[in-house]
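S.K.: What follows is a structure written as structure tokens; I'll ask about it next.
The values are calculated or read from the model by the stated rules, or taken from the named source; none is laboratory data. None of these values were measured; they are calculated from a predicted model. Here Cβ is always computed from backbone atoms with ideal geometry, including for glycine, and neighbour counts include all displayed protein chains. The accessibility values were calculated without ligands, DNA or RNA, using every heavy atom of the protein model including side chains. Shrake-Rupley method; radii C 1.70, N 1.55, O 1.52, S 1.80 Å.
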Amino acid sequence: MRRDVFQAIADPLRRDIIQLLSKQALSVNEVAQQFEVSRPAISKHLKILKECGIIDIHQQGRERYCLIRPKSLIPAFLWVEQYQTLWEDKLDSFEAYLNQLQSEYKKHNKNE
């Protein structure tokens, strides 16, 4: 099965793993210790992240270490970024509306 970055970030636990690995490389055991799910479940999520190209897993002695590949997240970033202006415009419009309501509320209460 061909996987992509969007499948990787679709799951909240995988997003948490990405966040964790963005700070430093960790062994599979160190990753698993950060979550209240089984080690096999973490291994499954790590396998998906590897298949999606988000992480590499390297054997070092008896440990397997997970390293993030930040460039692989670029497609998701670019996709989200295209909506940034849209959402900023919507939020600015909403803020203006709230400010107008607050102003009218203050004016109304002042006249009472």
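S.K.: Express in Å², to the nearest 10, the accessible area of His58 obtained by rolling a 1.4 Å probe over the protein heavy atoms while all chains stay in place.
M.R.: 90 Å²
S.K.: Could you name the lysines whose alpha carbon sits less than 27 Å from that of Lys107, not counting residues in the same chain fewer than 8 places away?
M.R.: Those lysines meeting the cut-off are Lys90.
S.K.: When the chain is modelled as a GNM with alpha-carbon springs shorter than 10 Å, which of Glu36, Glu95, Glu81 fluctuates the most?
M.R.: In the Gaussian network model the winner is Glu95.
S.K.: For a Förster distance of 41 Å, can you work out the FRET efficiency between the beta-carbons of Asn99 and Arg62, rounded to the nearest 0.05?
M.R.: The computed FRET efficiency comes out at 0.10.
S.K.: Evaluate the charge dipole of the chain about its Cα centre and quote only its size in Debye, nearest 20, assuming +1 on the Cβ of each Lys and Arg and -1 on the Cβ of each Asp and Glu.
M.R.: For the chain, the charge dipole is close to 560 debye.
S.K.: Show the residues, 5+ positions off or on another chain, whose built amide H is closer than 5 Å to the amide H of Ser27.
M.R.: Under 5 Å from the amide H of Ser27: Cys66.
S.K.: Can you match semi-axes √(5λ) of the Cα gyration tensor in Å to one of these, (i) 44, 17, 11; (ii) 20, 17, 13; (iii) 29, 20, 8, based on a calculation from the structure here?
M.R.: Recomputing semi-axes √(5λ) of the Cα gyration tensor in Å here picks out (i).
S.K.: Here is a follow-up. Using a 1.4 angstrom probe on heavy atoms only, work out the carbon and sulfur share of the accessible area of the chain in %.
M.R.: Taking all protein chains in place, the chain shows 53 percent carbon and sulfur surface.
S.K.: Ignoring everything but the protein chains, give the 1.4 Å probe accessible area of Tyr97 in square angstrom, nearest 10.
M.R.: The value for Tyr97 is about 120 Å².
S.K.: Kindly report, to the nearest 10 Å², the accessible surface of Asp11 as traced by a 1.4 Å probe over protein heavy atoms only.
M.R.: Its accessible surface works out to 40 Å², give or take rounding.
S.K.: Among the lysines, which fall within straight-line cross-link reach of Lys47, defined as a Cα-Cα distance under 24 Å, with same-chain neighbours fewer than 8 residues apart omitted?
M.R.: Answer for Lys47, where 24 Å is the Cα cut-off: Lys23, Lys71, listed by chain and number.
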